[in-house]
Each structure stands twice: as C-alpha cells, then as structure tokens.
There are 2 protein chains.
Amino acid sequence: MDQHISRQFNADLEELKTQLLEMGGLVEQQTINAVKAITTPDSDLAERVLVTEEEVDARELKLDENCTLVLARRQPAASDLRMVLSVARITRDLERMGDEAHKVAKMAIHLNEHGEAPRGYVELRHIGTIVHQMVISALDAFARFDVDLAISVAQEDKKVDQEYKSAMRELATYMMEDPRSISRVLNIIWALRALERIGDHAANIAEHVIYLVKGLDVRHQSLQEMERQVKEQ
Amino acid sequence: MDQHISRQFNADLEELKTQLLEMGGLVEQQTINAVKAITTPDSDLAERVLVTEEEVDARELKLDENCTLVLARRQPAASDLRMVLSVARITRDLERMGDEAHKVAKMAIHLNEHGEAPRGYVELRHIGTIVHQMVISALDAFARFDVDLAISVAQEDKKVDQEYKSAMRELATYMMEDPRSISRVLNIIWALRALERIGDHAANIAEHVIYLVKGLDVRHQSLQEMERQVKEQ
C-alpha cells in the first residue's frame, strides 16, 4: 500500500514537471513569435499570439490547482515539497512572460496600423534573440536540474539589462532628432521593455532552479554572491 | 497533545498573517514615499526608499521560508492550506510592488539631477493617490477577509488603467511639441508605468483574497465575471 502511494506520488510530481515544461514551451513560442510579428512584420502572427495568451492563462490556473492538490493530498516534505513549490513559482513567472509577449504582440499590431518606427528593429531582434535563448535555457535548467546552466541564465540577464539601457538611450536621442516619430518609437520602446521583463522572469526561473536543486534561496543576491554560495554548498 | 498541536498551528498561521501585514505596511509606505519624492521633490526621501527596498526583499525571503516551514511541519489542508498559499502569493506581489516603488524613487533622483519634467506631475500625484489607496484596501481586504473590498480594488484598477493611458497619450503629444524635454518626460513616463504596475499587483492581491475567502480562482476573469462568480457562490 505504502509503495503504491509512493509510486502514485512520484507520478504526480512527474506530471507537474511535464505540465510545466509544456507551458514553458508554449511561452517560449509566444516570445519568439511576438518578436517575429514586429520584425517581419506579420499582424496575423501577432493576432495568434494574442489568442494563444488565453491558453497560457488557462495552463497557469490548471498547474496551480494541481500543485495545491498535490500539497493537500500528498503532504510532501523536503525535496518533494521544494519541487511542488518550485513548479508553482515557475508557473507564475511563465504566466508573466506570457503577459509580456502579449504586450509585444500588441505593439506589433500598433506598428502595422500606425506605421513602422524608423529605428529600434536591430535592437529588438538582438535582445529578442538573447531573451528567447534565456527562456530555453531556463526551462532546460529546470528539466535537467542543471545549476550551472541556471547561473548562465542569470549572467545573460545582466547582458540584456545593459543592451536594453543602451537601446533606450539611443532611441531617446533619436526621438529628439525626429519628434514626428515619437509615438511610433514609443511602440518599439514598450516592446523592448517587455522583452527585458521576459529576461528578468527567465532569471527568476533560474533562481527557482537553484532553490530546487540546492535548497538555496538566492533571490536578491548579486551574481557573484550567487555563484559563491552555489560553489560552497 | 492534539489540542496543543492545533493551538501551535493556529499561532503559526496568525504569525504568517501578522508578518504579511507588516510587510504590506512597509510596501504601502514605499509607494507613497516614492511618489512624494518626485512631487515634493525630495531626493533624501528617494534615497530612503532605495535603502528600505532591501528590507522589503529580506521580508519576502523570511515570509517565504516561514510558509515553507508551515507546509512541511503542519501539512495544512483545506482553508488552512489556502491561507498559507495565499500568504506566499501575496508576498510575491508585495515584493514586486516594492521593486516598482524602487523604480519610482530612482526616477525621482534622475529628475532632481537632470531637471524637472515640464509635465506629468498632476497625473503622477493623481494616479499615485488612487494606487496608494488600492494598496491599503487590498491589505485591509486580506486582514478582514473582505471580499467586497477586494472587488472594489479590482474595480479601481480599471480606473487606473484608463488614467494611465490618457496620461501616456498626453505626454507623447507634449514630447512632440517640445522635443528637448523628451528625456525628462520619459522619467515621468517610467514612474507612471511603475505606479500602474503597483495597481496591477494590488488587484492581484485582491484576487488572492477572493481565493482565500471563497476558494475561487478568479484570475484572468473580467470584472463582471468575477462579480458574478462571487455572488453566485
């Protein structure tokens, strides 16, 4: 009987992992599609991102419900409890990433309706590529319990923050030179901002992976501090 | 013995509630101080918001740890489990609100260093007042299990979204008229955006309160749908 319960419990945990990775795959697609919708440009693709956002939301609710059920029925402890809590936390970050991809897709539609921005596409494509890879790596780190990969995602996030800041400076200068472009450039600025937020959430996921594997809560730490703690453990 | 455990358990839950409300009080102060730092203007106050942000972060980690301990030791079920999960979720929203208040404070410092923006202060004060009240009401709704108050917070959030959009339109127009003001106006825009996000998180807290009291997950629902579900239950 005990063995049966434990087998069932492991199946529950595996199911949570699978559902999380499926949701992650969907959000990863949303990210890349939203960027493509601007750079191609492709309004149909943008519309598809808007519609798919509802599926992301539905998956969040389902996963959260399943986590609560596992907590209530199985009363997990130690590393099993960490797994359930990590899935719940990562779910929330994925949902937020979906929200941000939704914002990018909306900007794609604005840009198609009100005219392309004269600048910012190079930066958008560049930051979009880094952030998309961060999302993939963060999910991989979770799937493989890979702490080194998780740390590399946190490192990439610093790079994104730098690129984002330099793009902002450049676009502010451009708007001063060509004030008629302001509302169109603002659309690109909002899209860049949303991508930078997706990067933040990927870095959050990386932190949850470190918590899951090492039992360390490394939130709000500098990169150096995080690396030191993980190495020492 | 059982009675002792149950008493201890109730004390644990009360302690979580108290800690959450303390963290909430701190974040509420951060919100109002960050807005004041811009509107007064007062750079010292802005610096104090930046420093206090570390305490907000520390409280998040502590509260999360305590929630995990209660889950591991007490293995709560039903409404007790909902309480622990709600505290964990609200904690995360409070930490994000703290982050956004930190962004507003940074903009206060930028505006003091690089010159005031010629517009946007009226909007900032106005939206700041609504959002600050939302934070207070969301925490009150949690403290008193008050679903009606929670719904009113969600209603206020719609108002903030409208005010925010109209302020954005106005400021974009202003930048076109006076391009030299662009970088200063952008600082106000970032501050407004951060306030709008604080409003979103207050609305999230309201949703967690509805989950806590009614057991209903009303995320991603329209206001009408939320009100209908709550009434029917």
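Details
- Cα gyration tensor shape of the range A:3-125, rounded if a/c is under 1.5, else prolate or oblate by comparing a/b with b/c: prolate
- The overall shape of chain A, judged from the alpha-carbon gyration tensor, is oblate: a/c is not under 1.5, and a/b is no greater than b/c.
- Each copy carries A:Glu14; placing its label point 7 Å along the C-beta direction from Cα gives inter-copy distances of 4.5 nm, listed from smallest up.
- Cα gyration tensor, the protein assembly as shown - rounded (a/c under 1.5), prolate or oblate: prolate
- Per-pair calculated FRET efficiency, R0 = 35 Å: A:Glu116 and B:Gln162 via Cβ, rounded to 0.05: 0.80
- Ranking of A:Leu195, B:Leu171 by neighbouring Cβ atoms within 10 Å, starting from the fewest: B:Leu171, A:Leu195.
- Ascending distances from the A:Ser222 label point to its copies in the other chains, with the point 7 Å along the Cα-to-beta-carbon line: 5.1 nm.
- Counting, for every residue in A:171-182, the Cβ atoms of other protein chains within 10 Å of its Cβ and taking the mean gives 4.
- Pairs of lysine residues in chain B that meet both criteria, 8 or more places apart or on different chains and Cα atoms under 15 Å apart, total 4.
- Per-copy distances of the B:Ala72 label point, shortest first, in nm (7 angstrom along Cα→Cβ): 2.4
- For the pair B:Gln229 and B:Arg180, a Förster radius of 35 Å applied to the C-beta separation gives a FRET efficiency near 0.10, rounded to the nearest 0.05.
- Across peptide B:75-81, the average count of Cβ atoms from other chains found within 10 Å of a residue's Cβ is 3.
- Here the calculated FRET efficiency for A:Glu65 and B:Asp44, from their Cβ-Cβ distance with R0 = 56 Å, stands at 0.75, rounded to the nearest 0.05.
Any read-out appearing in this document is the output of simple, stated calculations on the displayed coordinates, not a laboratory observation. Since the structure is predicted, the reported quantities are computational estimates derived from the model, not experimental observations. Neighbour counts run over all protein chains shown; Cβ positions are idealised from the backbone, glycine included.
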